[in-house]
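To start, the structure under review is shown below, and the notes come after it.
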Amino acid sequence: MGILCGRRLVQYSVRPYIWLLAYNHAESSPDMKTCTNSIPVRLALLLLIFTSSQGNVFGGEVAQKTYRSSSLEIQFPIPSDWTYRNCSYASQPEKCVEFQKKGLYPYDYLLQVEIKENQDLEQTVSSHPAFEKENGEWIKQGQFGRSKATKLSENNWHGMYAVADCGVDFHDGTGSHSGSCLTAILTNGSRSAIIETSGLIRTEIVIDLVKNFVFIKK
């Protein structure tokens, strides 16, 4: 499928989550800026995003079950059709869980949660490679841009999150696409959780899950 931009047909995969990122791709691509200034093209992209995303893993979900781990000592709501496993590339897989859904490639994930023992918020954020502190504010570095962290406080923890642009590879021959990746770091004072997305899920869905995150006792 594609959108006619002047005399050029801009191709996008028919896979629904490509359309969710089509608008970002068009806005960030230098040779597409003139085209996306056209109101009809903008409306076409937004319509495709809306109609393609209904009911898929990247939008429109309602949390229907609770993920609870006695080993990680955490719980939070997730959509009922999500599955989970130990993280593929974590240095301590037993301290990390990632969530997937049918239709993703084997090593892709929607959401990843890693637990750091005996670390407070400042220690955890300062050791994260995507964050740096400027004028007392934590900033997340994206692929091209930067984003200031927003503070959070819910249940029995406090923390922060930031959303920045990131590259997303769908393994379907269309190359890398522009997405939005969220990183949230939460702590109860002695244990911290690093929650990250890979750009395959809408930010507002993740923020809702994060706000219902709970550190539990064994």
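The values are calculated or read from the model by the stated rules, or taken from the named source; none is laboratory data. In this text, all values refer to a predicted model and were calculated from it rather than measured experimentally. Note that each Cβ is placed from the backbone with ideal geometry, even for glycine, and that neighbours are counted across all protein chains shown.
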Failed item, numbered, when LEU182 is tested on (1) crowded, with 21+ Cβ neighbours inside 10 Å; (2) not in a strand (DSSP E or B): (2)
With respect to the numbered conditions (1) surrounded by 18 or more Cβ atoms within 10 Å (Cβ to Cβ); (2) under 10 Å from the mean Cα position of the chain (by Cα); (3) modelled with pLDDT of 90 or more, which one is the sole condition not fulfilled by ALA193? (2)
Odd one out for TYR67, checked against (1) surrounded by 16 or more Cβ atoms within 10 Å (Cβ to Cβ); (2) modelled with pLDDT under 95: (2)
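Does region 130-148 include one or more residues that are more than 16 Å from LEU111 (Cα to Cα), of a type in the set (Val, Ile, Thr), surrounded by fewer than 20 Cβ atoms within 10 Å (Cβ to Cβ) and at pLDDT below 95?
Initial filter on region 130-148 (more than 16 Å from LEU111 (Cα to Cα)): 130-148.
The next check asks that each one be of a type in the set (Val, Ile, Thr); those that pass are 139.
Now drop any that are not surrounded by fewer than 20 Cβ atoms within 10 Å (Cβ to Cβ), which leaves 139.
Subset that is at pLDDT below 95: none.
Checking region 130-148: not a single residue is more than 16 Å from LEU111 (Cα to Cα), of a type in the set (Val, Ile, Thr), surrounded by fewer than 20 Cβ atoms within 10 Å (Cβ to Cβ) and at pLDDT below 95.
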